[in-house]
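Okay, structure first, notes after.
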Amino acid sequence: MSKDLRDFLEKARAQGELREIDGADWNLELGTITELVAEKNGPALIFDKIKDYPQGYRVAVNLYTSKRRIAIAMGIDPDTPALEMVKMWRARGFKPVKPIEVKSGRVMENVILGDDINLLKFPVPWWHEFDGGRYMGTGHVVIMRDPDEGWINLGVQRAVVHDEKTLGLYISPGKHNRIIMEKYFAKGQNCPVVMAFGPEPLTYLSGCMHVPWGISEFDWAGRMRNEPVEVMKGEFTGIPFPADDEIVIEGECIHPDVELRDEGPFGEWTGYYGGGRQPQPIVRVKAVYHRNNPILASFPPLKPPIPRFGVPVLSAPAIWNDLDNAGVTGIKGVWQLYSGGGRLLTVISIKQEHAGHAKQAAMVAAGGHGGGYMGRYVIVVDDDIDPTNAEEVLWAIATRCEPENSIDILRDCWGTPLDPLLPPEKRRNKDYSHSLAILNACRPFSWKDEFPVVNKASDELRSKVIKKWGKEIGY
Ligand SMILES: Cc1cc2nc3c(=O)[nH]c(=O)nc-3n(C[C@H](O)[C@H](O)[C@H](O)COP(=O)(O)O)c2cc1C
């Protein structure tokens, strides 16, 4: 498993999955190169010698946009098939592996306090043309401690640089860090916070996941890594952070009665600037720590179908677990159709065993732990359909999903202000709920045995013909 971000980058380089680019401008150029390279399913990039910045102050992007790089992060063969990777992610299961506390780490190679703090010491990019500022936090983790229960939560929430010593933080309603932050605010207190801007991959990916309330993503990451995360405690907040991270800040979210500042818009994972510009909490930075030649790990959202994650490991395994826990049998695969788009389009492939089986699976996926947030469509297909193949899924919808009786609509589901389809009226009323459709694209169960046979040569016939003709026809 990668020891830290640099170790991961070296492993990616060894697999031909990393490229260096010198001399880009932090102002839009770097973001546009990121988009253009990701669009072609290119390698991860490290930008150095960034305009206005000294050599060594670097930005890394597109770290997990390919299946191969997710596999490298997981420490498995990069050529493992995608659905196999979802199964392997699940198979690691969950048994907390607590972090180990160390006295200090490489992130303390440079300590910057008080008046010397300047967040723009780092080459924070202006990612997209209509963004409302330079977003430092996209590939980072935001770490908070629950004030009542004491456990440590990690989430990934965008952070804009308002000025040299102040960040703005956007956290969607219902996310654990938001609940924690609001607990401090309800007590009339500021909320201590740490942000780590170059975490090791599995700590980052765990931070992106909706891990159940009360379970620290550090414990989860330890399990995924099969070894504990090494953390040290911040002097100002007492909150632990990865000791070998690239850049860490300690600070506090200021009580909203004292100050809020306008934040956004930001080009988001839905492919739109969904959330507009709104007053949001600010973070006053009290300390900055960084390694020599720091790497700002970044993950600007890009318009789908560019995948943000080459394999939807953040939620497909969790949905599959939900299905198992609910006792739904016959599941052959769970997938998110373009994993840049979060849970907008979930596909479940199932071997139908009884009437209502497909619907049962869809309802668990729609409301469960893994898929409960901002899902728009849950599509259930038979087990002859590869859920990772969008074309096959569309064929199943077109030929097995009768709109009149195979589509159900759920209303008032958990959503986000980032939803581009949120009508202005609902947005004004802070009602961020949305509807969700279940598409049963399986052969109708009651007459599935009479359903027309698929027009494709049998596996047996294909192998026979390939054996004889394979060389000539390129098989
Ligand atoms: C790259 C990336 C960026 C994200 N940015 C935000 C964000 O700005 N605000 C937010 O509320 N959630 C954001 N999320 C989603 C949360 O990180 C995710 O839902 C996470 O599970 C929340 O943590 P929690 O389980 O502690 O609530 C982002 C996710 C990813 C993968």
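Tally up the carbon and sulfur contribution to the accessible surface of the chain as a whole percent, 1.4 Å probe, everything protein left in place.
Details: 10340 of 20420 Å².
Heavy-atom surface of the chain belonging to carbon and sulfur, 1.4 Å probe: 51 percent.
Mean separation of Cα pairs under 8 Å and 6+ residues apart, divided by the residue count of segment 235-337: what relative contact order is that in percent?
26 percent
Given the DSSP H assignment, sum -39500 (n - 2.57) over each helix run of at least 4 residues in the chain and divide by its residue total; what's the result at 222 nm in deg cm²/dmol, nearest 500?
Working: 13 runs with 123 residues, N = 475.
That calculation yields -7500 deg cm²/dmol at 222 nm.
Counting DSSP beta bridges in the chain, what percent are antiparallel, to the nearest 5?
So the antiparallel bridges in the chain amount to around 70 percent.
So what is the relative contact order of segment 158-312, in percent, for Cα pairs below 8 Å that sit 6 or more residues apart?
26 percent
For segment 459-475, just list the computed ³J(HN,Hα) in residue order, Karplus coefficients 6.51, -1.76 and 1.60, θ = phi - 60°, integers in Hz, with x standing in for Gly and Pro.
Karplus-based 3J(HN,Hα) across segment 459-475 equals 4, 5, 5, 4, 4, 4, 6, 5, 4, 7, 10, x, 4, 5, 9, x, 9 Hz.
Taking a Cβ-Cβ separation under 4.7 Å as the criterion for a possible partner, which cysteines of the chain have none?
So, CYS208, CYS401, CYS413, CYS442.
Give, rounded to the nearest 20 debye, the magnitude of the charge dipole that segment 208-339 has about its Cα centre when Lys and Arg contribute +1 at Cβ and Asp and Glu contribute -1 at Cβ.
440 debye
So if I place +1 on the C-beta of Lys and Arg and -1 on the C-beta of Asp and Glu, and nothing else carries charge, what would the dipole magnitude of the chain be about its Cα centre? I want it in debye, nearest 20.
Charge dipole, the chain, about its Cα centre: 620 debye, nearest 20.
From the square roots a ≥ b ≥ c of the eigenvalues of the alpha-carbon gyration tensor of segment 231-285, which class results: rounded (a/c under 1.5), prolate (a/b over b/c), or oblate?
oblate
Just the number please: accessible area per residue for the chain, 1.4 Å probe, all protein chains included, in Å².
Ligands and nucleic acids excluded, the result is 43 Å² per residue.
Report TRP26's accessible area, 1.4 Å probe, all protein chains in place, as a number in Å² to the nearest 10.
Spelled out: TRP26, probe radius 1.4 Å, area about 40 Å².
Using the Karplus curve 6.51 cos²θ - 1.76 cosθ + 1.60 with θ = phi - 60°, what ³J(HN,Hα) values do you get for each residue of segment 309-325, in whole Hz, with x for Gly and Pro?
Result, ordered by residue: 10, x, 9, x, 6, 6, 10, 4, x, 5, 5, 4, 4, 4, 5, 4, 5 Hz.
So how do THR34, THR329 rank on accessible area, 1.4 Å probe, biggest first, that is with the largest at the start?
Putting THR34, THR329 in descending order of accessible area: THR329, THR34.
Given contacts defined as C-alpha pairs under 8 Å and at least six residues apart, what's the relative contact order of segment 212-278, whole-number percent?
Computed value for segment 212-278: 15 percent relative contact order.
So, by mean Cβ neighbours within 10 angstrom, what's the order for 180-190, 405-415 with the highest one leading?
180-190, 405-415
Of the cross-linked pairs LYS98/LYS303; LYS49/LYS165; LYS351/LYS468; LYS332/LYS448, which ones have a Cα-Cα span greater than 30 Å in the structure shown?
Check vs 30 Å cut-off fails for LYS98/LYS303; LYS351/LYS468.
About the Cα centre of segment 362-468, how large is the charge dipole given +1 on each Lys and Arg Cβ and -1 on each Asp and Glu Cβ? Please answer in debye to the nearest 20.
320 debye
Using the alpha-carbon centroid of each, what span in Å lies between segment 220-268 and segment 378-441?
34 Å
At a 1.4 Å probe radius, which order do PHE309, PHE451 fall into by accessible area, largest first?
PHE451, PHE309
According to the Kirkwood expression over distinct Cα-Cα pairs, how big is the hydrodynamic radius of the chain, in Å?
About 23.4 Å, per the Kirkwood formula over Cα pairs.
If the cut-off is 18 Å between C-alpha atoms, which aspartates and glutamates fall inside it for LYS40, apart from same-chain ones fewer than 8 positions away?
List returned: GLU17, GLU20, GLU29.
If the limit is 31 Å between Cα atoms, which of LYS103/LYS286; LYS11/LYS467; LYS95/LYS233 go over it?
Violating the 31 Å Cα-Cα cut-off are LYS11/LYS467.
Can you list residues from other chains, or at least 5 along the same chain, whose modelled amide H is less than 5 Å from the amide H of ARG261?
HN-HN under 5 Å from ARG261: GLN280, ILE282.
Select from segment 277-352 those trypsin sites (Lys or Arg not before Pro) which occupy a DSSP coil region and have at most 13 other Cβ atoms within 10 Å, ordered by residue number. Before the final figure, lay out the partial values.
Numbers: sites: ARG277, ARG284, LYS286, ARG291, ARG308, LYS332, ARG343, LYS351; in loops: ARG277, ARG291, ARG308, ARG343, LYS351.
In loop regions of segment 277-352 (DSSP not H, G, I, E or B), the sparsely surrounded trypsin sites (Lys or Arg not before Pro) are ARG277, LYS351.
The values are calculated or read from the model by the stated rules, or taken from the named source; none is laboratory data. All values derive from a computational prediction rather than experimental measurement. When we count neighbours, we look across all protein chains shown, and the Cβ atoms used for this are built from the backbone with ideal geometry, even at glycine. Calculation scope for accessible area: heavy atoms of the full protein, side chains included, ligands and nucleic acids excluded. Shrake-Rupley method; radii C 1.70, N 1.55, O 1.52, S 1.80 Å.
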